[in-house]
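The values are calculated or read from the model by the stated rules, or taken from the named source; none is laboratory data. Everything numeric in this text was worked out from a predicted model, so none of it was measured. Cβ atoms come from the backbone with ideal geometry, glycine included; neighbour counts cover every protein chain shown.
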Amino acid sequence: GAKSDGRNAYQFYSSELNTASLGELLLENQLRGALDRGELLLYYQPKVSAASGRIDGAEALLRWHHPELGMLAPGRFVPAAEEAGLIVPIGEWVLRTACRQLRAWLDAGIEPVSVAVNLSAQQFAHQDLVGLVESVLAETGLPAGLLELELTETMLMRDVDRATEVLSRLRALGVRLSIDDFGTGYSSLAYLKRFEVDVLKIDRSFVHDIRSDGADGKIAAAVIALAHSLGQQVVAEGVETEYQRDYLARHRCDVFQGYLFGRPMPGEDLFARLEAEQPA
Ligand code: C2E
Ligand code: MG
Ligand code: MG
Ligand code: MG
């Protein structure tokens, strides 16, 4: 069928010609139209409160339903989108779609939860990000406090003065700010205080090292203590085992995200879980 033909063609080109770059060029060209063809969609991964055991938010994660290659994770196409400058319109679509979706769930009667959206370095650097966020909130009627924007250390460190200003303007809108993949970038601890964010997300590489047989996990515990001392909430990414969850809970991690609590899923599946958790 068309599906396997497409995959074979892709493999043929990848092996015969120089490659990654051709594969990327093909994808990049197709990506230009993907948004208009409606091939992009958002999955949602639950974030679960350690205190209540209930979902208190979800992270919106981009997917590309490619006609031949099937469902692609962002690792396959976001770098190309960044290079081509396409991440700016795509990122705008992500923000608007996530806010609309949460608004629709709230209108359907679920208890308030938050939605987190990943920003790319380009969006952060080039766009009138503050104006965009402001207009999307106005247009969707989503309370600002229910939107969380995920940034990375690397993004913030590119231009510290500008980042500080953009963060404070975003905070003034009332949105929540988080640092994603914390511990993998190059920010110095001094900047943690300067960049006023609400949430630190411990990168899943540190969570992964929390095993029943080792002394690892010390870093995760230290990050939790550090964040709390700065008045920040802590989300642990990539929680896959009960052991990891229990260890993190003992060290007062606030929120868990990971396969143990749910993989990224279509919106209707997350909505079903939110509905099931509603108090009777
Ligand atoms: P991220 O923001 O750190 O998102 C978490 C990633 O970890 C997701 O991968 C998620 O599927 C994966 N994950 C969650 N729980 C577990 C677990 O228990 N074990 C393991 N092994 N993995 C887990 P995904 O969806 O492939 O996204 C990868 C990255 O792509 C994201 O990392 C984010 O940096 C980027 N991304 C996703 N959506 C967007 C978007 O809309 N815009 C931009 N600019 N980047 C995005
Ligand atoms: Mg993220
Ligand atoms: Mg992350
Ligand atoms: Mg990560």
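Structural remarks
- None of V136, V113, V130 is in contact (Cβ under 8 Å) with a residue 60 or more places away in the chain and of a type in the set (A, V, I, L, M) except V113.
- So L119, is it surrounded by 17 or more Cβ atoms within 10 Å (Cβ to Cβ), without any contact (Cβ under 8 Å) to a residue 60 or more places away in the chain, closer than 30 Å to H251 by Cβ and within 16 Å of ligand 3 (Cβ to nearest atom): yes
- Restricting region 184-205 to residues that are within 15 Å of ligand 4 (Cβ to nearest atom) and buried (at least 18 other Cβ atoms within 10 Å of the Cβ), the residue that is nearest to the chain's Cα centre (by Cα) is K201.
- Of all residues in region 131-162, those that are closer than 16 Å to V199 by Cβ and modelled with pLDDT under 95 total 4.
- Residues of region 91-130 that are part of a helix (DSSP H, G or I), of a type in the set (S, T, N, Q) and modelled with pLDDT of 95 or more: T97, Q101.
Conditions (1) modelled with pLDDT of 95 or more; (2) among the basic types (K, R); (3) more than 19 Å from Q45 (Cβ to Cβ), marked per residue:
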site: R176; (1), (2), (3): yes, yes, no
site: G183; (1), (2), (3): no, no, yes
site: L200; (1), (2), (3): yes, no, no
site: S205; (1), (2), (3): no, no, no
site: G217; (1), (2), (3): no, no, yes
site: I224; (1), (2), (3): yes, no, yes
site: V235; (1), (2), (3): yes, no, no
site: Y259; (1), (2), (3): yes, no, no
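- Flag if G70 is modelled with pLDDT of 95 or more and either more than 19 Å from L149 (Cβ to Cβ) or surrounded by fewer than 19 Cβ atoms within 10 Å (Cβ to Cβ) (or both): no
- Number of positions in region 206-229 that are under 21 Å from T164 (Cα atoms) and surrounded by 13 or more Cβ atoms within 10 Å (Cβ to Cβ): 3
- If you go through region 206-240 and pick out every residue that is away from ligand 4 (no atom under 14 Å from the Cβ), β-branched (V, I, T) and either over 17 Å from the mean Cα position of the chain (by Cα) or farther than 13 Å from D254 by Cβ (or both), you end up with 3.
- Residue ID - nearest to the chain's Cα centre (by Cα), chosen from residues in region 241-280 that are assigned to a loop (DSSP other than H, G, I, E, B) and hydroxyl-bearing (S, T, Y): Y259
- Yes/no for A104 being within 13 Å of ligand 1 (Cβ to nearest atom) and of a type in the set (G, A, S): no
- Count of region 24-72 residues which are in contact (Cβ under 8 Å) with a residue 12 or more places away in the chain and closer than 26 Å to R103 by Cα: 27
- Residue count, region 189-209 (criterion: acidic (D, E) and within 16 Å of ligand 2 (Cβ to nearest atom)): 2
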